[in-house]
1. Can you report the number of residues in region 69-120 which are part of a loop (DSSP other than H, G, I, E, B), within 16 Å of the ligand (Cβ to nearest atom) and closer than 19 Å to residue 38 by Cβ?
2. What are the residue pairs meeting all of these: first residue in region 26-38, first residue surrounded by fewer than 21 Cβ atoms within 10 Å (Cβ to Cβ), second residue part of a helix (DSSP H, G or I), Cβ atoms under 8 Å, and 6 or more apart or on different chains?
3. Which one of these does residue 125 not meet: (1) at pLDDT 95 or above; (2) within 16 Å of the ligand (Cβ to nearest atom)?
4. Which one of the conditions (1) modelled with pLDDT of 95 or more; (2) out of contact with any Ser or Thr (no Cβ under 6 Å at 6 or more places or on another chain); (3) of a type outside the set (Phe, Trp, Tyr); (4) more than 18 Å from residue 41 (Cβ to Cβ) does residue 70 fail to meet, given that it meets all the rest?
5. How many residues are outside any helix (DSSP H, G or I) and under 9 Å from residue 73 (Cα atoms) if we restrict to region 20-53?
Amino acid sequence: MVWKVWLYICFAMASAHKAVSAIYITINTIENAQMLARGLVENQLAACVNIIPGIQSIYKWEGVINQDQELLLMAKTRTELIDELTSWVKRNHPYQVCEVISVPITGGNLDYIQFLLNNTKDASIE
Ligand SMILES: *[C@@H]1O[C@H](CO)[C@@H](O)[C@H](O)[C@H]1NC(C)=O
């Protein structure tokens, strides 16, 4: 019995970081970037969003190669909120097809990861 509890604690500690992900979103203007970042944090869909200005994006759209100045948003949130975050961004983003991609967080400062969990909504209790 005791070993089961011990195993459970080990599993919970080892997997705490897997509960969180980083989401990358690109957008055209600083005003739109701030609107998205604030909205995500206000709705507890992300605990923290960094806005990285000055990126250049080169991509093919409808057969034509484009080169645009954009900004990159890096949001950190619970992995279980990715679908809800994605729908929210799609509803509030000016592009027809917006970039929203996620990568799992595989480690790091557990205090920071706890901060991410503390400041995002718990989708399981809704
Ligand atoms: C997270 O919340 C718990 C419970 O309220 C608190 O004890 C802890 O200090 C918080 N941690 C961070 C990093 O915010």
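1. Residues meeting the conditions: 2.
2. 35/92
3. With respect to (1) at pLDDT 95 or above; (2) within 16 Å of the ligand (Cβ to nearest atom), residue 125 is out only on (1).
4. So residue 70 meets the others, but not (2).
5. Looking only at region 20-53, we keep the residues that are outside any helix (DSSP H, G or I), and these are 20-29, 43-53.
Adding the requirement that they be under 9 Å from residue 73 (Cα atoms) leaves 23-27, 49-53.
Number satisfying all stated conditions: 10.
Rundown of residues vs (1) under 11 Å from the mean Cα position of the chain (by Cα); (2) surrounded by 15 or more Cβ atoms within 10 Å (Cβ to Cβ); (3) not hydroxyl-bearing (Ser, Thr, Tyr), yes/no style:
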{"site": "86", "(1), (2), (3)": "yes, yes, no"}
{"site": "90", "(1), (2), (3)": "no, no, yes"}
{"site": "99", "(1), (2), (3)": "no, yes, yes"}
{"site": "102", "(1), (2), (3)": "yes, yes, no"}
{"site": "111", "(1), (2), (3)": "no, no, yes"}
{"site": "118", "(1), (2), (3)": "no, no, yes"}
{"site": "122", "(1), (2), (3)": "no, no, yes"}
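The values are calculated or read from the model by the stated rules, or taken from the named source; none is laboratory data. Computed from a predicted structure; not experimentally measured. Note that we place each Cβ from the backbone using ideal geometry, even for glycine, and neighbour counts take in every protein chain shown.
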